[in-house]
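Comments concern the structure below.
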Amino acid sequence: MTEPTTLTRATRPTRPVALTRVTRGVWLLVLLGAALTVLAVLLDDEIIRSTRAGTVSADDTRVPPSFTPVVIVLDVVVSSLVLVLLAFVRGAHNWARHCLALAMVLLAVATAAVLRTAPPVAFVPPIVVFLVLLAVLVHLLYRPALTAYVTPRLE
């Protein structure tokens, strides 16, 4: 009877440069997301005007809408998710790499949707940088060295 093959630290390649770049990129993404959140809180009235959600009649007694609580909660939840997935990628879990890449793609779709709403001009440059960073991160996640790191050969 043969013993099951186990994966040891010796058979796993050293951490590739792509993983270091992904780590730095994800942290940059989280910081950029926090900066966009602060910007959204500061420019809440302009966002409401740009989405036409602020149009009310003179006899309307409802509380005016605010994106502030939504933006803050969304930033905390998405940042937490991305950082947890990054921790698993750093631990060489292949499934986490795919989940992190999918999260990046979904963030790119949502960010592109924000651009379609014609946000205030102050948001456009950081959003474009955000989209470029997402594309770079997805590319880095599927570099051959990182693929070898998260899918080591069993011997």
In this structure, does V73 turn out to be over 21 Å from V138 (Cα atoms) and modelled with pLDDT of 90 or more? yes
Counted residues, the stretch 79-116 - those being more than 16 Å from V22 (Cα to Cα), open to solvent by 70 Å² or more (accessible area, probe 1.4 Å) and over 16 Å from the mean Cα position of the chain (by Cα): 1
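The values are calculated or read from the model by the stated rules, or taken from the named source; none is laboratory data. It should be emphasised that the depicted structure is a prediction, and the values quoted were computed from it without experimental measurement. When the accessible area is computed, the model is the full protein with side chains, heavy atoms only, and any ligands, DNA or RNA have been set aside. Shrake-Rupley method; radii C 1.70, N 1.55, O 1.52, S 1.80 Å.
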